[in-house]
Amino acid sequence: MTRTMRRIGFPRSMGALLLLVAIVAAARPAVAQDQNFGTKQLQGKVLGNNDAPLSGAIVYLQNSRNNDIKSYITEKDGAYHFAGVAADTDYTVWASFKGKKSPTKTVSSFDTRKSVYLDLHIKE
């Protein structure tokens, strides 16, 4: 090979750089998916006697790591919804309505479902 041909071709360092850029670009979507993997949603209904939906009940979601509590006031059909629940954290959930409280339930970090559905029952 002549010196002229060697100068026209890609230097080896340029080929290595292009390979590195391709690897980083291919790995980037996987990182974005992992960030979304860290959350799930919790939803359900608050039900009273005879499984009647309780509109205006308050649902509490307590984070076991820092004891923060989020709340949700149920819809007309008794439905509640919490989005963006950390998948790697345990939670306790319960509801209250007119001075009465439901039994507590646990949402485990070992539950791998992206959407967890829990009905809460309050005896009126």
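Bear in mind these aren't lab numbers, they're just calculated from the coordinates by the rules spelled out. Everything numeric here is computed off the predicted structure, so don't read it as measured data. Note: ideal-geometry Cβ built from the backbone for every residue, glycine included; neighbour counts use all protein chains shown.
Worth pointing out:
- In this simple spin-label model, placing a label point 7 Å from the Cα along the Cα-to-Cβ direction at both K123 and T106 gives a separation of 2.3 nm.
- Equivalent ellipsoid semi-axes - Cα gyration tensor, region 55-96, angstrom: 21, 10, 7
- Once the gyration tensor of the Cα atoms in region 80-124 is diagonalised, the equivalent ellipsoid follows with semi-axes of 23, 10, 9 Å, ordered largest first.
- Taking a straight line from the alpha carbon of K98, these lysines sit under 28 Å away, with near neighbours fewer than eight places off in the same chain left out: K45, K70, K76, K123.
- Backbone N atoms of region 86-124 closer than 14 Å to the 7 Å Cα→Cβ label point of Q41 belong to residues 86, 114-118.
- Near-label residues of region 83-102 by backbone N, under 18 Å of a point 7 Å along Cα→Cβ of R113: 83-95
- Across region 66-83, coupling constants 3J(HN,Hα) worked out from phi with the 6.51/-1.76/1.60 Karplus curve, θ = phi - 60°, read 10, 6, 5, 10, 9, 10, 8, 8, 5, 6, 4, 8, x, 7, 9, 7, 10, 9 Hz, and Gly and Pro carry x.
- In plain terms, the chain from N50 to T89 could stretch by 10.7 nm, reckoned as 0.36 nm per residue minus the Cα-Cα distance.
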